[in-house]
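Note sheet for the following structure.
The values are calculated or read from the model by the stated rules, or taken from the named source; none is laboratory data. All figures in this text were calculated on a predicted structure; none of them were measured in a lab. Reconstructed Cβ throughout: ideal geometry from the backbone, glycine too, with neighbour counts over all protein chains shown.
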């Protein structure tokens, strides 16, 4: 069969059958298990239990990673110095997701912020105090960690971030 | 040392949200046929090697090249598969370039094919799987399911782009109208491109702003569709290109620089990109490309640009980061019509990714359209003569970037 | 083709269920390769990774490996085939003159997923996947049966290959522990569990956890970095048709064409005489025979008669080959590293004497549909 006749016969078939036979190509991940090494996170989780925040500092480039990181990508070495961090930080960016509540079907506005802790060079994803009207969120907004009553050494020990009062007086220059 | 590479032809399949009349293999053969039709002197015997790729997670088919070999014409031919997420197409183009330029014995002409038939698989599952492992780690470390659910919604491409959009809007002090304007320009351009997906010749800014939010500040009307489609580009050497087409398009610079993973980070360790719209990777990519192509003033020397922008804020951001406009001036340029079809620097006249997004193929369609604009064969051809053009791609978690600089004259001879 | 030097390499020990995190394993391999050449992160201008979304269980499997894989601010890309194909892309980038040092790493963790179930996604989705009769194991069964029938070879001869490779693996400290067995006999192989007759468990390369990395540099740079680089002088790759019915299963067409391309590039006229050793990616024991025939190391049908022990005529898989451990996406890369070790004389315990030229191969697909061959030559 020449290429042209082959092509023509294809056209003929296509006219009769508008749909090609297809198989649903689903891919289930339930059989997979993922392996992570979290030894480098243990001191961080221990400190969380004591309501303290620590970051991991790379000796190559002095970048402070919060949450701690296994490898510094810039230098390709393991960061190995622990540094204390403050509880305060800034909103580095935010987004508001509009999700359907599975029970009521209502569209809920769920804000998520990227928090840049003072003293750290990385930002982590977190949520704001639910009482804060998210419409007031802005980039650079000062915030402070709100601790859970009974920390257990998990990521939820910092429940959410409280809004700090933007005390502009601090910034005023002293009068002569 | 490397050989000069030229693009002689590029072809597309028709794009739609559900191409149920074809399967992946037939979709690919559509693009290959369109590509070879534009270069009549080339037949399958002339093609020495293949470079291919797609996003396998979206189709539920691993390494489809294996069973599709015959549909591509790749039987008993060398084939290399490259996949890098959203930049897959761009990476495939770059792989095609390197296969020619490396000068392996017997390999002169290479067909690069990128494809995606998202309607076959479950796109949302595919997207969720990007961070599935990292999120399960977060869950193990004590994050509640409620939180994880939010992360998933914000962690997928749209969420990451929303973070980026907030940053960009903060920096440039623009409003949603400026974003909608980009969408309108793209969708109207798409109406004049035969293979595009979302063709809306009469779209207005009000209509875009009338749609609900999907993730603030992005609305449904601003977001790219999910398409089925394929794209094929034919690369060859400088000597052979002259016999294959009238105006060969020379590839003068390629690069694909990776930056740190944004938002979640590996092992869910946060993001070192405090400002996701900073895009150091894209800046380095363009720097390397321009250096290779000998372009010193991209703003003056580049006549046409195709950037990868599923979301309108990204289009504004990329044209600045790739050195086409000054920082924070892009919205103004869209307002003044500089970027329109008959403007000074037309951008995404095919409608861009914003109108057609067959994920694996999209980043190859960018250099393909740019090349056709230089040849004068594009379906929405710009009126002015295009000498130098760029095609750009973006992917991963804001961290991968590809770029290709093309021109109608070879520039690397002096090396 | 200009010759390209392998200036550094590292392989993580293979485990069937490694006590490693994914990123930890990648980092160990990448850092090890850079250290073995005495270089720094900033020397890497291009990084090519090799992973597979389905084997890893993640879409865009290179998305989170940028930092640990040495790709930060480097010209990064991913090849989704075998590790040996990733080396090809790294090689092309060096040959283009755009890059002076390229890092290639590949591998994944088979303990994270049922490997052969993931391989099922590679079959034709319309006709073969729904029934799942044709998969990589049954296809190997077809091929082995076809080969045995055509040349009148006995199954014991194929089992001998598995025995040889498992014995060789016992001398290789980095091989998979389960595959290392110095006292294995042909009977053990034939009596092991039947996967798809005539393929038995011990003839199959067991998928395992492992990552390997290597560094490539152009001739001038390679000599600056190390006194004793291994040169890649030829490469060939090819893909044949998918459908088993369209192929002659008793031979490997793609390997033959790939070998031709590689021998042309390296200027090899008579592989039988010129090649000192071969490292094949044999997913099943019989593939080693078919590959050596396709590459002309032995006459057609004579593959099982070749003395391929470490001190034999042409030693094949002195490291144990893929049967000595098969980390998906990493095996072909490990074959190249093992061949390089032999040429440098660093293979303690399984060193081939006077090794000057070696072959290394990688493959993907059912019955090795897509093959890649490298010709490696020893240093100065």
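All conditions but one from (1) touching a strand residue (DSSP E or B) at 6+ places or on another chain (Cβ under 8 Å); (2) surrounded by fewer than 24 Cβ atoms within 10 Å (Cβ to Cβ); (3) outside any strand (DSSP E or B); (4) within 13 Å of another protein chain (Cβ to nearest Cβ) apply to residue B:164; the one that does not is (2).
When you check residue C:60 against the structure, is it more than 7 Å from every other protein chain (Cβ to nearest Cβ) and crowded, with 24+ Cβ neighbours inside 10 Å, yes or no? The answer is no for residue C:60.
For residue C:91, state whether it is in contact with a strand residue (DSSP E or B) (Cβ under 7 Å, 6 or more places away or on another chain) and more than 11 Å from chain B (Cβ to nearest Cβ). It is false that residue C:91 is in contact with a strand residue (DSSP E or B) (Cβ under 7 Å, 6 or more places away or on another chain) and more than 11 Å from chain B (Cβ to nearest Cβ). Can you tell me which residue among C:296, C:320, C:362, C:301 is touching a residue at least 24 places away in the same chain (Cβ under 8 Å), under 12 Å from the mean Cα position of the chain (by Cα) and in a loop (DSSP other than H, G, I, E, B)? It is C:320. Among the residues of region C:24-38, those that are out of contact with any strand residue (DSSP E or B) (no Cβ under 7 Å at 6 or more places or on another chain) and more than 9 Å from chain A (Cβ to nearest Cβ) comprise C:28, C:35, C:38.
Test of understanding: among C:149, C:122, C:156, C:193, which residue is in contact (Cβ under 8 Å) with a residue 24 or more places away in the chain and surrounded by fewer than 19 Cβ atoms within 10 Å (Cβ to Cβ)?
Working: C:149 fails: in contact (Cβ under 8 Å) with a residue 24 or more places away in the chain; C:122 fails: surrounded by fewer than 19 Cβ atoms within 10 Å (Cβ to Cβ); C:193 fails: in contact (Cβ under 8 Å) with a residue 24 or more places away in the chain.
Just a single option satisfies the conditions, and that option is C:156.
Looking only at residues of region B:279-296 that are within 14 Å of chain A (Cβ to nearest Cβ) and farther than 21 Å from residue B:131 by Cβ, we find that the one that is modelled with the lowest pLDDT is B:280.
Does residue C:234 count as outside any strand (DSSP E or B) and either in contact with a helix residue (DSSP H, G or I) (Cβ under 9 Å, 6 or more places away or on another chain) or free of Cβ contacts under 8 Å to residues at least 24 places away in the same chain (or both)? Taking the combined requirement at face value, the residue does not satisfy it.
Only a single item in (1) without any contact (Cβ under 8 Å) to a residue 60 or more places away in the chain; (2) assigned to a helix (DSSP H, G or I) is not met by residue C:353, and it is number (2).
Specify which of the listed residues (B:350, B:362) is buried (at least 24 other Cβ atoms within 10 Å of the Cβ), in contact with a helix residue (DSSP H, G or I) (Cβ under 7 Å, 6 or more places away or on another chain) and outside any helix (DSSP H, G or I). I'd like the intermediate steps shown before the answer.
Values: B:362 fails: outside any helix (DSSP H, G or I).
Testing whether each residue is buried (at least 24 other Cβ atoms within 10 Å of the Cβ), in contact with a helix residue (DSSP H, G or I) (Cβ under 7 Å, 6 or more places away or on another chain) and outside any helix (DSSP H, G or I) leaves just B:350.
Summed over region A:108-133, residues that are surrounded by fewer than 20 Cβ atoms within 10 Å (Cβ to Cβ) and either at pLDDT 90 or above or more than 9 Å from chain B (Cβ to nearest Cβ) (or both) total 9. Can residue B:343 be described as assigned to a loop (DSSP other than H, G, I, E, B) and surrounded by fewer than 19 Cβ atoms within 10 Å (Cβ to Cβ)? Judged against the criteria, residue B:343 is a match. Annotation note: Cβ proximity below 9 Å between a residue of region B:122-142 that is facing chain A (nearest Cβ under 8 Å) and a residue that is part of a helix (DSSP H, G or I) and surrounded by fewer than 18 Cβ atoms within 10 Å (Cβ to Cβ) (sequence gap 6+ or interchain) occurs for B:136/B:148; B:138/B:148; B:141/A:156; B:142/A:156. Of all residues in region B:103-121, exactly one satisfies the criterion of being buried (at least 24 other Cβ atoms within 10 Å of the Cβ) and either assigned to a loop (DSSP other than H, G, I, E, B) or facing chain C (nearest Cβ under 7 Å) (or both), namely B:104. Return the residue satisfying two criteria in turn: it lies in region C:226-254 and is more than 12 Å from chain B (Cβ to nearest Cβ) and under 30 Å from residue C:141 (Cβ atoms), and of such residues it is surrounded by the fewest Cβ atoms within 10 Å (Cβ to Cβ). Only one residue tops the list, namely C:245.
All conditions but one from (1) crowded, with 24+ Cβ neighbours inside 10 Å; (2) within 7 Å of another protein chain (Cβ to nearest Cβ); (3) modelled with pLDDT of 90 or more apply to residue C:69; the one that does not is (2).
For residue B:409, indicate whether it is more than 14 Å from chain C (Cβ to nearest Cβ), in a loop (DSSP other than H, G, I, E, B) and touching a residue at least 60 places away in the same chain (Cβ under 8 Å).
Values: more than 14 Å from chain C (Cβ to nearest Cβ): yes; in a loop (DSSP other than H, G, I, E, B): yes; touching a residue at least 60 places away in the same chain (Cβ under 8 Å): yes.
Yes, satisfied.
Every residue in region C:90-115 that is farther than 16 Å from residue C:363 by Cβ, assigned to a helix (DSSP H, G or I) and in contact with a helix residue (DSSP H, G or I) (Cβ under 8 Å, 6 or more places away or on another chain), please. Scanning region C:90-115 gives C:92, C:93, C:95, C:110, C:112. Scanning region B:64-92 for residues that are closer than 16 Å to residue C:46 by Cβ, part of a helix (DSSP H, G or I) and in contact with a helix residue (DSSP H, G or I) (Cβ under 6 Å, 6 or more places away or on another chain) gives B:87, B:90. One residue stands out in region B:43-59 among those that are touching a helix residue (DSSP H, G or I) at 6+ places or on another chain (Cβ under 9 Å), within 14 Å of chain A (Cβ to nearest Cβ) and more than 17 Å from residue C:81 (Cα to Cα): the one that is surrounded by the most Cβ atoms within 10 Å (Cβ to Cβ), namely B:58. Of the residues in region B:71-94, at least one is within 14 Å of chain A (Cβ to nearest Cβ) and in contact (Cβ under 8 Å) with a residue 24 or more places away in the chain.
How many residues does region C:244-266 hold that are in a loop (DSSP other than H, G, I, E, B) and touching a residue at least 12 places away in the same chain (Cβ under 8 Å)? Spell out the reasoning first.
Applying the first criterion (in a loop (DSSP other than H, G, I, E, B)) to region C:244-266 yields C:247-252.
Pick out the ones that are also touching a residue at least 12 places away in the same chain (Cβ under 8 Å) and you get C:247, C:249-252.
Selection size over region C:244-266: 5.
Hey, any hits in region A:75-92 for a residue that's within 8 Å of chain B (Cβ to nearest Cβ), in contact (Cβ under 8 Å) with a residue 40 or more places away in the chain and farther than 30 Å from residue C:31 by Cα?
Looking only at region A:75-92, we keep the residues that are within 8 Å of chain B (Cβ to nearest Cβ), and these are A:92.
Now drop any that are not in contact (Cβ under 8 Å) with a residue 40 or more places away in the chain, which leaves A:92.
From what is left, the residues that are farther than 30 Å from residue C:31 by Cα are A:92.
Looking through region A:75-92, at least one residue is within 8 Å of chain B (Cβ to nearest Cβ), in contact (Cβ under 8 Å) with a residue 40 or more places away in the chain and farther than 30 Å from residue C:31 by Cα.
Mind listing whichever residues of region B:93-102 are under 20 Å from residue C:239 (Cα atoms) and in a helix (DSSP H, G or I)? Residues satisfying the conditions are B:93, B:95, B:96, B:97, B:98, B:99, B:100.
Based on this model, can you work out whether residue C:82 counts as within 25 Å of residue C:361 (Cβ to Cβ), within 10 Å of chain A (Cβ to nearest Cβ), crowded, with 24+ Cβ neighbours inside 10 Å and touching a residue at least 12 places away in the same chain (Cβ under 8 Å)?
Working: within 25 Å of residue C:361 (Cβ to Cβ): yes; within 10 Å of chain A (Cβ to nearest Cβ): no; crowded, with 24+ Cβ neighbours inside 10 Å: yes; touching a residue at least 12 places away in the same chain (Cβ under 8 Å): yes.
Here the answer is no, as residue C:82 does not meet what is asked.
Looking at region B:186-297, the helices (runs of 4 or more DSSP H) lying wholly inside it that each contain 3 or more residues that are under 29 Å from residue B:41 (Cα atoms) sit at B:238-244. Looking only at residues in region A:142-157 that are under 24 Å from residue B:275 (Cβ atoms) and at pLDDT 90 or above, the one that is farthest from the other protein chains (Cβ to nearest Cβ) is A:144.
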